[in-house]
Amino acid sequence: MLSTPAFNALLKIIEEPPEHLLFILATTELHKVPATILSRCQRFAFRRLSIEDISGRLADVSARENIDLRPDAAMLLSRLADGAMRDALSLLDQCASAANGPVTAELVCRALGLAGERKAAELLDAAASHNAARALSVFSGLYADGKDISAMLDELLCLSRDLLVLKTAPKSGISMLSGAQTEQELKGLVDRFSPAELLRITNLLQSTQAGFVKSASRRVDAELCLMQMCEPALSLDTQALAARLGRVEEQLASGVVPQKRESAEDNDRPPLPDDGDAPPEAPQEAAKPAPASFWPELSARLRESLSVREKGFFAPNGPIQPVLNGDVLTLAADTDFVLGMIRKPEIEELVKTKAAAVLGRPVRVKCALKSQVSGTGDDPLDELVAFGGRHDDIFTIK
């Protein structure tokens, strides 16, 4: 790309060119060319070459230069070139210089410092299995072999992007694939991820690569990235939670319920005793209302959406006490006045929506007086006074 003075000098020649002179300007950064020059040129936009065209050209060049280029290596070089014939020939030249025999796909990965298709797919397979130990073991082996960390993450990024495209557009997405991996590899991995998981992995890889510029240790950054890929529970951001929920939804939709993995401790436990020798079970007590530990968070969410006149009733220590029995949430009010203020369809619907978000399951909402609801609990002092009245032989109430 020319400097500003050079562009000005070129513009002077283009304005008054000799009759025998024809300029052909080629650039991959058209936006940097001044408009004064673009207005005097006839523009031709060239498309990226297909993988098949690049592979055929590489085979022709290697035959003329007596290079034993194998078909799998030609396809790999064509995918790495990303539609540019010049880059494909440059990569072929590098690999041919490092080869003592035929140029294979394995030699291309070794010469260019790439992880290779199999290793990239193996890392994503470990992420799908939530096996961080396996992913770190594969990464450690690649790092010991001198593989470039940025190139490894770039291969993972291309693979996750292709899987995301194939997941969201199964039919038309085949034509939009980057070609970094084969179609067989993609089909073997696409069903193991949900779209939310692939989106999270793609964003995680992008942010990790972007942080390499200011990173003190790229290896640590890459290892942390792999851990977060394999264990979404390590991160509590919205994308990680959405990925975990998306995985559960797909499992439930397909009818596959994940089973608990048995550990070595479970296998060492003694067998359970025979039920025939066990004593008869005692009758179970009636289910008690669940504690209202969720109420501070629920009340805070409710007060954000209520008017000034109504939000005071829903303070954590206000005149309303929540009682949760199964899937029924009862708002127990102190007085009839409070009950009349909260017993409104729009308030009950708001409580229903917010409570489902806090509890993680749908509930039904009712409003009643405390005297009509069991489980609200009496004043501890009143209970003490009543106990003293029943045992006046040992207590004296003044």
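Annotations for the structure displayed:
- Added length on full extension, which subtracts the Cα-Cα distance from 0.36 nm per residue, Ala63 to His31: 7.7 nm
- Per-pair calculated FRET efficiency, R0 = 45 Å: Ala98 and Ile14 via Cβ, rounded to 0.05: 0.55
- Normalised by 2.2 N^0.38 Å, with N the number of residues, the alpha-carbon radius of gyration of region 295-372 equals 0.98.
- Legend: residue pairs Lys167/Lys354; Lys187/Lys214; Lys311/Lys370; Lys311/Lys352; Lys167/Lys214; Lys119/Lys187, Cα-Cα distance threshold 26 Å; pairs beyond threshold, Lys167/Lys354; Lys187/Lys214; Lys167/Lys214.
- Around Thr330: net Lys/Arg minus Asp/Glu count, Cβ-Cβ under 12 Å: +2
- Förster-model FRET efficiency, 56 Å R0, Asp327 and Ala84, C-beta, rounded to 0.05: 0.40
- Cβ-defined net charge surrounding Tyr143, 13 Å radius [Lys, Arg +1; Asp, Glu -1]: 0
- Computed from label points 7 Å out along Cα-Cβ, the spacing between Thr4 and Leu234 is 4.8 nm.
- Prolate/oblate/rounded call for region 40-143, Cα gyration tensor, a/c under 1.5 rounded: oblate
- Projected label points at Ala169 and Met227, each 7 Å from Cα along the beta carbon direction, are separated by 3.7 nanometres.
- What the Cβ-Cβ distance of Ala357 and Ala144 gives, at R0 = 45 Å and to the nearest 0.05, is a FRET efficiency of 0.45.
- Peptides 9-16, 157-164, ordered by how many other C-beta atoms sit within 10 Å of their residues on average, highest first, read 157-164, 9-16.
- Residue order, fewest to most surrounding Cβ atoms within 10 angstrom, among Val363, Val323: Val363, Val323
- Cα lying deepest toward the dipole's positive end in region 1-78, options Phe46, Ala35, Ser78, charges on Cβ: Ala35
- Fewest-first sequence of Leu329, Leu306 by Cβ atoms within 10 Å of each Cβ: Leu306, Leu329
Just so you know, all these numbers are worked out from the coordinates, no wet-lab data involved. Quantities reported herein were computed from a predicted structural model and do not represent experimental measurements. Backbone-built Cβ (ideal geometry, glycine too); neighbour counts: all protein chains shown.
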